[in-house]
Amino acid sequence: MGSGSKALLLFRLSLFLLLLQHSPTQGEDLNANANSNRSRSLASNCNWFRGKWVYDSSYPLYNPSKCPFIEAEFDCQKYGRPDTNYLKYRWQPFSCSLPRFNGVYFLSKWRGKKIMFVGDSLSLNQFQSLTCMIQAWVPNSKISYIKRDGLTSVSFLDYNVEILLYRTPFLVDVVNERFGRVLKLDSIRGGDIWKGMDMLIFNTWHWWTHTGSSQPFDYIEDGGKTWKDMNRMIAFYKGLTTWARWVNRDVNPSKTKVFFQGISPTHYEGKDWNQPTQSCSAQTQPFFGMRYPAGTPMAWVVVKKVFSRIKKPVYLLDVTGLSQYRKDAHPSAYSGLRGGTDCSHWCLPGLPDTWNQILYAALFS
């Protein structure tokens, strides 16, 4: 057996053992083993990520028709979704309650600061959610809204708060070489743009699984070697490790708070919640069981493994478990952007608002 095969076998074995050692209850925080004096420990010793969805007639937190930042792919009400109950669910942790989001307080505390989301279209989902949540509190505030190729910014000018989105689906680089597009697992030159921010919220995962015509690279490179393809979970691990090295090397914790969005689940296969003939299409209620049948995604385990080696404070928004319950919260057919059924992204208002409520709790509790 060659050294490459041995390394692959050892990696798979280590992930398997890690999963056996840590079979989490639904929504359990990935950071349970982190040092208590680091910012990745849970605020006020409350686990925001374990709880249940409850109906709340006061929801949603904003009117989508009055938010200028929601794009067609997430605007489910505008594009004909007939039901509205999915808008009315609030996340209720078992051991505490999330603080009510206050956009004025958020802006006041982050006056003069820059916040950047970095990642793929799930980062776009969360970015648009946060800007809508804030804008609902200051509807008459002066706003600058700029969209460029790969970079979008919303500035609340009365508070000098700028919220940006930098689109990079892998975090690591994809480079056009003479022989094709190369995903470089050990290169993160795009990180220069992230420096100087006061808050960074990272995300990556979904694009690592794309194949065929939807795959945005032709080759994978790591350590000076190039492959036509490799096990995508291993590629994800290597790429995320490069990101972790960037955090350890280039983040100044006294200047910049760092968050990682976690693994956002999909609901294309109803067998994940014991309804094998269904998908997210026509789902109108969350999954209400205590334990999601599909269990923990392997990508979650990779994130945990990488996080165990990060020396700088990084707070994990461990949205996987609470989001797995929300099979009802996807655009499905009610998206203005594409045909087919979208069980990857989330309607707005909707689930990403809860991600931002937890972000708010982590910042201010």
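Here is how the numbers come out for the structure above:
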{"quantity": "For Tyr145, Tyr219, order by how many other beta-carbon atoms lie within 10 Å, fewest first", "calculated": "Tyr145, Tyr219"}
{"quantity": "The chain, helix-only ellipticity at 222 nm - DSSP H runs n ≥ 4, -39,500 (n - 2.57), divided by all residues, nearest 500", "calculated": "-7500 deg cm²/dmol"}
{"quantity": "Distance in nm between pseudo-label sites at Asn231 and Tyr79 (7 Å out along the Cβ direction from Cα)", "calculated": "3.6"}
{"quantity": "The chain: most fluctuating residue of Gly321, Gly270, Gly224 per GNM, C-alpha cutoff 10 Å", "calculated": "Gly224"}
{"quantity": "For region 27-364, share of DSSP beta bridges that run antiparallel, in % to the nearest 5", "calculated": "60"}
{"quantity": "Helix runs (DSSP H) in the chain reaching 24 Å along axis by Cα, Kyte-Doolittle at least -1.0", "calculated": "3-21, 232-250"}
{"quantity": "Region 27-364: relative contact order as a whole-number percent, Cα under 8 Å and 6+ apart", "calculated": "24"}
{"quantity": "Whole-Å semi-axes of the ellipsoid equivalent to region 119-194 (Cα gyration tensor, √5λ, descending)", "calculated": "32, 12, 10"}
{"quantity": "When the convex hull of its Cα atoms is projected in every direction, mean area for region 233-283 (nm²)", "calculated": "5.8"}
{"quantity": "Packing rank of 357-363, 188-194, 210-216, where each peptide gets the mean count of other beta carbons within 10 Å, highest leading", "calculated": "357-363, 188-194, 210-216"}
{"quantity": "Gain upon complete extension [Tyr105, Val175; 0.36 nm per residue less C-alpha separation]", "calculated": "21.1 nm"}
{"quantity": "Residues Leu316, Leu337, sorted so that the one with the fewest Cβ neighbours within 10 Å comes first", "calculated": "Leu337, Leu316"}
{"quantity": "R0 of 35 Å, Cβ-Cβ distance Ser144-Thr284: FRET efficiency to nearest 0.05", "calculated": "0.40"}
{"quantity": "20 Å binning of all Cα-Cα separations within the chain, expressed as whole percents from 0 upward", "calculated": "29, 62, 10, 0"}
{"quantity": "Added length on full extension, which subtracts the Cα-Cα distance from 0.36 nm per residue, Phe94 to Lys255", "calculated": "54.7 nm"}
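Throughout, read-outs are computed from the coordinates displayed, never taken from laboratory work. Keep in mind that what you see is a predicted model, and the values were worked out from it rather than measured. Here the Cβ is made from the backbone with ideal geometry for all residues, glycine too, and neighbour counts use every protein chain on show.
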